[in-house]
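Okay, so here's the structure we're looking at.
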Amino acid sequence: MFRLTTTLLVFVALSAWAGAQGPAPGITAAERLKMLQTNRMLIENIVDHGLDLAGADTPLKRADVCRRTARTLANAVRQAADDQNTSRVTELCEYLDSVMRDALEPNLKKAAEDVRPGSPDESELKKLRANALTDFDELRGAIPADGKVGGDAKVKAAFGKLESLRDLLK
């Protein structure tokens, strides 16, 4: 009987303690507003690039829009790094990786197959690849190697995935 009463009392005490914890507080309206303001320009640019992509009728034009989208995301990564926001840097690097891996690189590859040697599109393709590499190198230079952002394991992992794409852009 004593064991049952003790077990029941311990269970009741733990239940009361757990119930007193309450749910974790959510994001406040002020925090949501700040996040929206931070993301507003990025969202507008990404939507504009999406509309441009829908109107692009060749792989070369699609690759150009994808490069501009990647540059927009790279600028947002730089801003997040300047703000010392490691979670935002990580998230934006993942988006940038998706754009580069799933959109820019395949369109560059298809454009290279379609462009005839000696055509004006060939020089445009070379310029596009060079610009994409320059954008990437500028981003790499903007992320510090150490400190809060550069030393974060998640940022290093996300940026490491991006590094593997550099060779694909050549």
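The values are calculated or read from the model by the stated rules, or taken from the named source; none is laboratory data. What you see is a predicted model; the values in this text were computed from it and never measured. As a convention, Cβ positions derive from the backbone with ideal geometry for all residues, glycine included, and neighbour counts pool all protein chains shown.
For region 31-79, the set of residues classified as part of a helix (DSSP H, G or I) and either on the phi > 0 side of the Ramachandran plot or among the β-branched types (Val, Ile, Thr) (or both) consists of Thr38, Ile43, Ile46, Val47, Val65, Thr69, Thr72, Val77, listed by residue number. Taking every residue in region 70-98 that is more than 15 Å from Gly150 (Cβ to Cβ) and pairing it with any residue that is of a type outside the set (A, V, I, L, M, F, W, C) and part of a helix (DSSP H, G or I), at least 6 positions away or on another chain, the pairs with Cβ-Cβ distances below 7 Å are Ala70/Asp135; Arg71/Asp135; Thr72/Asn45; Thr72/His49; Leu73/Tyr95; Ala74/Asp135; Asp97/Lys161.
I'd like to know if region 86-103 contains one or more residues that are of a type in the set (S, T, N, Q), assigned to a helix (DSSP H, G or I), modelled with pLDDT of 90 or more and closer than 30 Å to Ser123 by Cβ. Within region 86-103 (the criterion being of a type in the set (S, T, N, Q), assigned to a helix (DSSP H, G or I), modelled with pLDDT of 90 or more and closer than 30 Å to Ser123 by Cβ), the answer is yes, since at least one residue qualifies. Taken over region 110-165, the residue count meeting the criterion of being among the β-branched types (Val, Ile, Thr) and either in a loop (DSSP other than H, G, I, E, B) or exposed (fewer than 11 other Cβ atoms within 10 Å of the Cβ) (or both) is 2.
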